[in-house]
1. Taking only Cα atoms and a 10 Å spring cutoff, compute GNM fluctuations for the chain and point out the largest among MET374, MET294, MET109.
2. Nearest 10 degrees, 0 to 90: what angle lies between the long axis of helix 9-21 and the longest principal axis of the chain (Cα atoms)?
3. Calculated from the structure, percent of Cα pairs over 27 Å apart equals which of (i) 61; (ii) 56; (iii) 48?
4. Put a dot 7 Å past each Cα toward the Cβ at SER6 and THR81; how far apart are the dots in nm?
5. On a full-extension model of 0.36 nm per residue, what is the gain between LEU27 and ALA45, subtracting their alpha-carbon distance, rounded to one decimal in nm?
6. If the only charges are +1 at each Lys and Arg Cβ and -1 at each Asp and Glu Cβ, what is the size of the charge dipole of the chain around the Cα centre, to the nearest 20 debye?
7. Would you mind checking the tilt of helix 188-205 against the longest principal axis of the Cα atoms of the chain, expressed as 0 to 90 degrees and rounded to 10?
8. Using helices alone, what [θ] at 222 nm do you get for the chain, with -39,500 (n - 2.57) per DSSP H run of 4 or more residues, divided over all residues and rounded to the nearest 500?
Amino acid sequence: MIRKLSPLILPITTFLVAWVLLPRIPLIPPEKQVLLTSAPYLLIAVGMALSFHFRRGRVFMVLTLIAFCYGLCASRLAGLTGPDTPDAWLIFRAITVLLPFNLLLCSLMQEKGVFTKAGKMRLLFFGFQVFALWLSLRNSQQGLWMTLTQKLVDWPFLNQLQVPQEALIMFLVAISIALCRTITRQSPIDGGMFGCTIAAFAFLNWLWVPLMPATLAATAALILVIAVIQDSHNMAFRDDLTKLPSRRALNELLPCLGSTYTIAMVDVDHFKGFNDDYGHDVGDQVLKMIASKMMAISGRGRPFRYGGEEFTIIFPGKGMQDAFPHLEQLRTTIEEYQMYLRDSDRPKDDGRGKSRRANKRPDRFVSVTISIGMAEASPRQSSDEVLKSADVALYKAKNRGRNQICRAN
C-alpha cells in the first residue's frame, strides 16, 4: 500500500508546506510581494515547457487552464473583497464552473500528447469555453452561470464555502478519479492531478483573501512541475511492464553499495517455451507476477529488472549466508503460486470474474519456477565483477536442473 500511495507523497507534501506558509505571506515586504504575484506565471511557463517536451497533454491543458483563471482573476478581480459588482460576480461564478469542470475532464482523459490531433481538439474545446465566457461578459449574461451555480441543498457547512455546490461535486469526483488512477497505475502525473485539484479548490474558496490566489496558483503549478519531473525520471529508471527499477537504475546503484552486499541474479525457468505455448501476453502476466513477489521480498532486498526474463536483487549490508533464507522464501513462494491464465474476454467486474474462475478447469492454472545465482562482495572484485559472478552462479543453477539457488565459488 505504501508503494501504491508513493506518487501522492510529493503533491500532498507540497500542498501542506504551502498551507503552513500561508499565514507568513502577509509578512513579506510589499516590494517582494510583486514577485509572489508573478510566481504562478513563471512556474506555469516551466511546467508547460516540460509537459510539451515530454508530451504530457493533460498537464499542458491543466496549466493552460490555471494560467487563464489566475490571469483573469488578477486582471479583473484584483483589489476586490468579494463579488460585489455584476462583472465580478459573473467572472467568479464562471470560473467556479470552468475550473472544476475541466479538471474533471482532464482526470478522465487518456494521455494523447500536446499538439496531436486529440490534443488540438482538447485545446480547441477549451478555447470554445473561453469564447463563451467572453460573450457572456460582453453582454452581461448572468442567467447561464446562475443556473449552473444554484444552491442544491441548504446545509450550514456548505453555505460557508465560497465554491458553489455543483463545483464542489465536480471537485470531489475529479479528486476521487485522480486518487484511484494514482493507486492503480502508480502514476506521478495522476498524483499531480490529485494535488493540483485540491490546490485549485482552495484557490477558488479563498479567492478574495489577499495574496492567497497567487500562492495557491503557484502551488498547483509547482505540483504539476514536480509530477512531470517525477514521471520523466520513472521513464528513465523504471521498467514500464513490471514497475520495477530498470537496469539503468541498477547501474547507478552498483558503485554506491559499500563493502558488504549480496547480488542475486534471477531467471524464469523455460520462459521461451512458456511464451511459445501460451503467447507473449501470458508471458507478460508471468513477469508481472514475479515482479510483484520480488517487491515483497524480505530482508531489505532491492529488486530490479535486468532485461528480458532476468531480474537482479541487491541485499545491501548482507552476506550470502544472511541473504539466502530470503531468496529461498522467494523461490518457494513463486514455485507454489498457481497463476490463473486470463482469457481475452474476461469480465471486468471482479464478482463475475471470481465466479467464472471458480468454474474453470484446473488446467487453466499454471505455475512457474525461477533459478537464482548469488554472489557476495569481495575486496578483490568490483561491483560489476560481483554481478558477473552471480550470473555465472545462475547458469550453474540452470545447468543443475533449475528451480534452485547456487552460490558463486
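1. Looking only at MET374, MET294, MET109, the biggest GNM fluctuation is shown by MET109.
2. Its long axis makes an angle of about 40 degrees.
3. Label (i) holds the value from this structure.
4. 5.0 nm
5. Details: separation 18, 0.36 × 18 = 6.48 nm, distance 2.69 nm.
Additional length available on full extension: 3.8 nm.
6. Numbers: 46 positive and 32 negative charges, 84 e Å.
Using only the charged Cβ atoms, the result is roughly 400 debye.
7. For helix 188-205, the angle is close to 20 degrees.
8. On the way: 17 runs with 255 residues, N = 409.
Result for the chain, helices only: -20500 deg cm²/dmol.
Here, each number is a calculation from the coordinates, and none is a lab measurement. From a predicted model like this one, the values you see are computed outputs, not experimental measurements. Here Cβ is always computed from backbone atoms with ideal geometry, including for glycine, and neighbour counts include all displayed protein chains.
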